[in-house]
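> Take this structure first; my questions come after.
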Amino acid sequence: MDNVLIGFIGLAAGLVLIGLRIQIGVAVGFVSFIGIGVILNMKAAWGMLTAVPFNFVGDWNLTAIPMFLLMGYVASSSGLTQGLFKAMRIFLSRLPGGLAVASVGACALMSAASGSSVATASSMARIATPEMLRYRYNPGLATGVVATAGTLGSLIPPSILMVLYGYYAEVSISQLFIAGIVPGLLSAVMLSLMIITRVKINPELAPRVEEVFSAQEKWDALKEVWPLPVLVLGVLVGIFIGLFTPTEAGAVGAFLAIVLAAVRRTLSWPVLKDAILSTLSSTAGIFMVVIGTVLLGKFMALSGVPTFIAKELLMFGGDELTVIIMVTVLYLALGMFLDSIGILLLTLPIILPVAREAGIDFIWFGIILIKLLEIGLITPPVGLNVYVMKAALGSIVSLQEIFRGVTWFVIIEIVTLAIIVAFPLLSLWLPALMQ
Amino acid sequence: ATEINASIWFPDTHPLTKYGYVEWAKTLEAASNGDIKVNLFTGTALLPPNAHLSGLQDGIAHLTYHAGTYTPTDLPEDNTLSILGFGLRDIMTSSFAVTDFFMNDPEMKARFDSLGIVFAGGYATPQYTIMCAKEVKSLDDMKGLKIRMPGPVHAEWARSIGAVPVSVPSSEMFTGLERGQLDCASNAANDLKSRSLWDVAKYTYNIPLGVYFAGWEYAFNKDFWGDLEAGQRRIILDTISDTLVDTMIGYVNAAEEALAEAPSHGVTVTQASAEDLAATNEFAANIVRATAIKEGTERFNVPDPEGLVARFEATLTKWEGLLDGIDRADAAALKKVLKDNLYSRIDAASYGN
Amino acid sequence: MEQRSSETAANHASAAERFISSFAKGLTVVGGISLVLMMVQMVLDVFMSNVFHAPIESNLEVVSIYYMVAVVFLPLAIVELRHEHIQVDLFVRLLPKLAQRGLYIMGNLISAVFFGILAYQTWLDAVKSFRIQEMVMGVDFIEIWPSKFILPISFAVILMAILLHAWKALRQPDFDPTPSAPTSLEEQDSAQPAQGQKHG
Ligand code: NA
Ligand code: NA
């Protein structure tokens, strides 16, 4: 049988298993194991189970994930964040969906301290979403905003995806980093505008705080604000003055969160224990999915499905816009099923030559690709950031509620993408200024 | 038609991928009149970097590149010999001798045989050098600096000049240098360009720290190799022979180009002083051989490391002689030497059986 | 007679449950210690590197090969016991209860096979790694084989937990495979259920 056909059958089988409520990592991992066995042989399939889980997990760069999770859990379980949101509640109460807008801002801030979208969403999931739910925000909105704004983690520097892309495309990583700043901020603004508009139309989504606050109350709230900014700034400043790398920043952030909790006298054994257990649970849950999708990536690579799709789409190829539209369709399709690093690694060898021929600027192209990969993180059925939200929040919100919640965000993200495509200067102005 | 699943974890733009695999695949397909095709997987699309041996043994890939120091326990002889790379100065002699030795030495053949793989071609890197974020114009300037080092011998050398060796993944070299976590990094100079190190490391101290040759540029899964016809093997070996030369020349050019372009990116390139060169060569002459034998004995449990090192040195001497007086940029001449003295002497029908 | 045998079966099941649960908890404790060590060692490395210019040698290898692997794999079984693995229940929720139970049991058997495969293969890999005393190279050599045993042990325990759940679903019609552990938010805020507003 044709390998591409085997690949498509495997994808379909994986979707059926996911639909039957088998945990996602197992569903796609098992299908990939069998698929590799069919394409090559069973010895190779067994060998892949030696090659992937241990070697993939034992990676320095990925240590940022449990560490940023721990930072977020300590921050939320020790009540470090409550002060900030109390103040937000007071000062942004007049703004429709104020807490959601504040979450976007917090994610953007956090993104500047985190290299990965998943890590950003992981930590903010525990900091921002519970606060919104506490104020009776619509669960879809409360989770969708963090799942989406968490994707800023890869667009606002530092960014693991940019490092990978820069390595492959042979473009300057620092220029890519700088190029991501304006599109990242633009995304944050677009998300905020969308939230405000939606809440204006349907105020039930985010109940307005009707209380009137005295100057004394405002001042007291301000005094409780400092822990989170101190945490994020501590991490940020540490990275930028070179005390530690973005990967190590997670560990420093977790440690700093514990110190801050101790200073505020909210650190106790139950708080710490709760944070550690939640971190372990989320990490194991996330990595089971990641291992499954990494195996799927290998299966897909062997089957030739990504190449097949790319060829079919780029057949129309040619000018800049056509290539970008084709790549958009390709990435949105692949983004439904695969993890972002997998998509990037599988497709770059195919699409970079096409892009080069079309004369596309590789820095700008990189920003577009990363934005596309980010959208893939929140689209069903495999949307890693949505799963991160689910893993971080447990039974509070169901998966379909989060997916329903991100629908609006996906739409606005595509609009933002269109703006980034229409105005290359947004990405290229800052890097050009540097030279 | 035969299809080869090949995996190399360097990106398409890396010389070992670009010339050694991308270009070679085209050459091979043409030379075999379309009978042999290569499905090339680059980066980690098929296998994680350190699984390029186990994945080859299990037949996930039929052909791989592998950095031997990633799996020291599986490749004890290779890891013992790779220590000697610190003292080697010529990429052609090194890569040709490594290929010869790994294809023909009985101990090496027995090792590959027991691993279930067939060695088909070696490589070497251009000289490792030092790229720094701080101003460095002599070894003395490196005292107390944190230098990313690729392995234990290099680490020992760093300690010998009073620097602090740090182990950091290559993916973090850039950020490490940018943020001041690392002061310097040691690698082949092409990383200035390919990893954009010249954006963050503005001082290159061009002191030769040897070649890296551990593992292989080409090794086949034994079962897959066994199924190939003698004629197919012949075409594969002959194309590898020629490609190896092109790859080595391309690799050297990439490193030299990067060094040449570096000043236009604000990088100060300082050539090593005679004094520093002498000190480093002395370290290589006095310490490296003894370290290889010591590590081979104590760490890698090689039965006769002294004999292994001596045989390898004899092979090096042989190729120094064969390559004597040949212009290192003359691809045709180099190809002839390699083919006449190595690849054409391999019996395709029996090799690797 | 019939009632007695089902009681015995229930006793066996609860004995098995106690065994699996304490095993899973034990692994989780080790995972938690690894998590804390990971943080402490990374922070200490940053501190030593900046203040004394003397980073911890082989910090990278120990953190990524030992702590990271322990943190990721050891808690797998506890996540299963708490029914917190990431799955999609979009479609199954529409089915009648009995069909849901049947699918749940079937799904668990499929998962059990996959974890069995993983446990078996990673066990072979760990044994091979032990036999050759496998190392990796940084600025020094680090033995890695002990870490490789983390995988088969973790996979074996989650396999047992999954089989236990399948067995419970088979024997207890009211078995509910949704996350059981109350989250801290619900504990703190039980007076105002967070899911008060589902529509909009
Ligand atoms: Na970021
Ligand atoms: Na998706």
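The values are calculated or read from the model by the stated rules, or taken from the named source; none is laboratory data. A quick note: this is a predicted structure, and the numbers were derived from the prediction, not measured. As a convention, Cβ positions derive from the backbone with ideal geometry for all residues, glycine included, and neighbour counts pool all protein chains shown. Only protein heavy atoms, including side chains, enter the accessible area calculation; ligands, DNA and RNA are left aside. Shrake-Rupley method; radii C 1.70, N 1.55, O 1.52, S 1.80 Å.
> Could you rank the peptides B:335-343, A:261-269, B:235-243 by their average count of other C-beta atoms within 10 Å per residue, with the highest value first?
Ranked by mean Cβ neighbours within 10 Å, highest first: B:235-243, B:335-343, A:261-269.
> Also, quick follow-up: Mind pulling the angle between the C-alpha long axis of helix A:3-19 and the longest principal axis of chain A? Nearest 10 degrees, somewhere in 0 to 90.
30
> Mind grabbing the accessible area of A:Glu217 for me, 1.4 Å probe, Å², rounded to tens?
90
> Within the set of other residues whose C-beta is less than 15 Å from the C-beta of A:Val354, count the net charge using Lys and Arg as +1 and Asp and Glu as -1.
-4
> Evaluate the charge dipole of region A:3-434 about its Cα centre and quote only its size in Debye, nearest 20, assuming +1 on the Cβ of each Lys and Arg and -1 on the Cβ of each Asp and Glu.
The calculated dipole for region A:3-434 is roughly 900 debye.
> Nearest-5 percent of antiparallel DSSP beta bridges in the protein assembly as shown?
The antiparallel proportion sits near 50 percent.
> Continuing with this model, one more query. Within 10 Å of each Cβ in B:46-53, how many Cβ atoms from other chains are there, averaged over the peptide?
Taking the mean over all residues of the peptide, I get 5.
> Only Cα pairs within less than 10 Å get springs; with that Gaussian network setup on chain B, which residue of B:Ala61, B:Ala214, B:Ala331 has the largest fluctuation?
Result for chain B, Cα springs under 10 Å: B:Ala331 fluctuates most.
> A further question on this structure: Once ligands and nucleic acids are excluded and a 1.4 Å probe is used, how much of B:Asp327 is accessible, expressed in Å² to the nearest 10?
Approximately 90 Å² of B:Asp327 is accessible to the 1.4 Å probe.
> Magnitude of the Cβ-charge dipole of region B:85-207, K/R +1 and D/E -1, about the Cα centre, nearest 20 debye?
Value, rounded to 20: 320 debye.
> For region B:334-351 and region C:73-146, what is the separation of their C-alpha centers, rounded to whole Å?
Taking the Cα centre of region C:73-146 as reference, the centre of region B:334-351 is 48 Å away.
> Let me ask something else. Which peptide among B:309-317, B:90-98 comes first, and what is the full order, when sorted by highest mean count of other Cβ atoms within 10 Å?
Ranked from most to least packed, the peptides come out as B:90-98, B:309-317.
> Please list, in order along region B:68-81, the HN-Hα scalar couplings obtained from phi with the Karplus expression 6.51 cos²θ - 1.76 cosθ + 1.60 (θ = phi - 60°), rounded to whole Hz, x for Gly and Pro.
x, 6, 6, 10, x, 6, 7, 10, x, 5, 4, 6, 5, 5
> In chain B, which whole DSSP H runs stretch at least 24 Å along their own axis (Cα) and average 1.0 or higher on the Kyte-Doolittle scale?
none
> Residues with amide H under 5 Å of B:Asn39's amide H, sequence separation 5 or more or different chain, H placed in the peptide plane at 1.01 Å from N; which?
Those lying under 5 Å, H to H, from B:Asn39 are B:Ile4, B:Asn5, B:Ala6.
> Report the one residue of A:Leu231, A:Ile6, B:Ile91 whose Cα lies farthest in the direction of the positive end of the charge dipole of the protein assembly as shown (charges on C-beta: Lys and Arg +1, Asp and Glu -1; origin at the Cα centre).
A:Leu231
> Where does the charge balance sit around A:Ala100 when Lys and Arg score +1, Asp and Glu -1, over other residues with C-beta under 11 Å from its C-beta?
Local net charge: 0.
> Provide the buried accessible surface between chains C and A in square angstrom, both chains summed, 1.4 Å probe, rounded to the nearest 100.
Chain pair C/A: roughly 6600 Å² of buried accessible area.
> Dipole magnitude of the protein assembly as shown about its Cα centre, charges +1 at Lys/Arg Cβ and -1 at Asp/Glu Cβ only, in debye to the nearest 20?
3100
> How tilted is helix A:269-303 with respect to the longest principal axis of chain A? Cα atoms for both, answer in degrees (0 to 90, nearest 10).
The two axes meet at around 20 degrees.
> Between region B:154-191 and region A:345-407, what is the C-alpha centre distance in whole Å?
33
> Let me ask something else about it. Per residue of C:102-108, count partner chain C-beta atoms within 10 Å of its C-beta, then hand back the mean as an integer.
Mean shielding by partner chains, rounded to a whole number: 3.
> Not counting ligands, DNA or RNA, and with a 1.4 Å probe, what is C:Leu151's accessible surface area in Å² rounded to the nearest 10?
0
> Give me a single rounded figure for A:59-70: the average over its residues of other chain Cβ atoms within 10 Å of their Cβ.
Average per residue, whole number: 5.
> Name the residue from B:Ile60, B:Met142, B:Gly231 whose Cα lies farthest towards the positive end of the charge dipole of chain B, charges +1 on Cβ of Lys and Arg and -1 on Cβ of Asp and Glu.
B:Met142
> Report for chain B the percent antiparallel among DSSP-assigned beta bridges with both residues inside it, nearest 5.
If I count the DSSP bridges inside chain B, around 45 percent turn out antiparallel.
> Determine the share of the protein assembly as shown's accessible area contributed by carbon and sulfur atoms, expressed in whole percent, with a 1.4 angstrom probe.
62
> When a/c is below 1.5 the answer is rounded, else prolate if a/b is larger than b/c, else oblate, so apply that to region A:10-53 with a ≥ b ≥ c taken from the square roots of the Cα gyration tensor eigenvalues.
oblate
> Determine, for each peptide in A:134-140, B:195-201, A:386-392, the mean count of other beta carbons within 10 angstrom over its residues, then list the peptides with the highest first.
Result, highest mean Cβ count within 10 Å first: A:386-392, B:195-201, A:134-140.
> What is region B:1-68 by shape, rounded, prolate or oblate, if you read a ≥ b ≥ c off the alpha carbon gyration tensor as root eigenvalues and call it rounded for a/c under 1.5, prolate for a/b larger than b/c, and oblate otherwise?
Cα axes put region B:1-68 in the oblate bin.
> Here's another thing I want to ask about it. Using only protein heavy atoms and a 1.4 Å probe, how much accessible area in total is buried between B and A, to the nearest 100 Å²?
Rounded to the nearest hundred, the buried surface is 3000 Å².
> Can you compute the FRET efficiency between A:Leu193 and B:Asp330 using 1/(1 + (r/R0)^6), with r the Cβ-Cβ distance and R0 = 51 Å? Round to the nearest 0.05.
Efficiency computed from Cβ-Cβ geometry: 0.20.
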